[in-house]
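Below is one structure, written out as structure tokens, with a few remarks after it.
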Amino acid sequence: MHLVCVTGPPAVGKMTVGRAVCDLTGFRLFHNHMSIEPLLGVYDFGTPSFRRINALIRREVLAESVVADLPGLVFTFAIDLDHPDDLAHLRELIAPVERAGAPVDVVELYAPQHVRLAREGGPDRMEHKRSKRDVEWARAHVIELEARARFSTDPARDGERLLPGHRHLRLDNDHGDAGATAERIVAELGLPRL
């Protein structure tokens with residue numbers, strides 16, 4: 001199993017690019033809202049219960065992907081790089097993959113905030129992310145989140161890798177061409193093609 005972790009700020013294109021990578025490779029996609037959306041009917045976002053159950057789902061999906069011997073999994077998420085618990089949680093999530101000796105790569109997408117705000121309300125987000133259907137709220141939420149969290153690395157500040165020991169590919173995704181970004185990921189990471 002090959003794990004490709006796609007990270008970056010809200011609306012940067014993690015799910016869309018992840019899907020395009022899967023189309024090229026036959027990997028499976030586990031985007032962050034696959035665990036978020038079902039929980040929002042029961043728990044408020046960010047509450048202790050929400051965080052606990054969301055983490056449990058993600059941990060089990062990644063661990064079971066190794067057991068199921070999937071060819072590969074693209075996992076999307078956003079973490080606050082200034083919050084040590086977020087990075088520790090990511091390390092916990094990928095631990096079963098590492099223990100199995102499977103490759104883990106990190107792809108970090110970035111784009112300016114105005115580009116990402118314009119993506120709110122797009123068909124992909126509307127279809128797969130119920131919580132984003134109130135576009136004005138979604139845009140305000142992006143601004144609010146970024147006022148208190150840092151979702152993109154700064155190579156001068158953070159070094160070149162989010163997870164030491166694993167490849168880290170940092171790509172500008174402001175062009176909105178998920179296919180082109182996916183092609184670059186597959187080529188630069190040497191992922192198998194269908």
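Brief remarks follow.
- Annotation: of all residues in segment 103-137 being out of contact with any Leu (no Cβ under 6 Å at 6 or more places or on another chain) and of a type in the set (G, A, S), the one that is surrounded by the most Cβ atoms within 10 Å (Cβ to Cβ) is A111.
- Within segment 113-166, tally of residues that are modelled with pLDDT of 80 or more, closer than 20 Å to D85 by Cβ and within 17 Å of the chain's Cα centre (by Cα): 10
- Filtered by the rule that a residue be farther than 23 Å from L93 by Cβ, of a type outside the set (D, E) and touching a helix residue (DSSP H, G or I) at 6+ places or on another chain (Cβ under 9 Å), segment 150-177 gives H175, G176.
- Residue in segment 45-54 that is touching a residue at least 12 places away in the same chain (Cβ under 8 Å), aromatic (F, W, Y) and within 23 Å of H128 (Cβ to Cβ) present: yes
- Tally of residues being out of contact with any His (no Cβ under 9 Å at 6 or more places or on another chain) and free of Cβ contacts under 8 Å to residues at least 12 places away in the same chain across segment 160-185: 5
- Test result for L73, touching a residue at least 40 places away in the same chain (Cβ under 8 Å), farther than 20 Å from F151 by Cβ and not hydroxyl-bearing (S, T, Y): yes
- Within segment 138-162, the set of residues being crowded, with 17+ Cβ neighbours inside 10 Å and not hydroxyl-bearing (S, T, Y) comprises A138, R139, H141, V142, F151, L162.
- The listed residues are A147, A180, A138, and the only one of them that is in a helix (DSSP H, G or I) and more than 25 Å from L90 (Cβ to Cβ) turns out to be A180.
- Condition check for P10: surrounded by 13 or more Cβ atoms within 10 Å (Cβ to Cβ), closer than 21 Å to K129 by Cα and in contact (Cβ under 8 Å) with a residue 40 or more places away in the chain: yes
- Filter pass, M15 being within 13 Å of the chain's Cα centre (by Cα) and in contact (Cβ under 8 Å) with a residue 60 or more places away in the chain: yes
- Of all residues in segment 61-102, those satisfying the criterion of being closer than 10 Å to H2 by Cα and either within 17 Å of the chain's Cα centre (by Cα) or buried (at least 19 other Cβ atoms within 10 Å of the Cβ) (or both) are S65, G72, L73, V74, V97.
The values are calculated or read from the model by the stated rules, or taken from the named source; none is laboratory data. All values reported here derive from a predicted model rather than from experimental measurement. In this analysis, Cβ positions are derived from the backbone assuming ideal geometry, glycine residues included, and neighbour counts consider all displayed protein chains.
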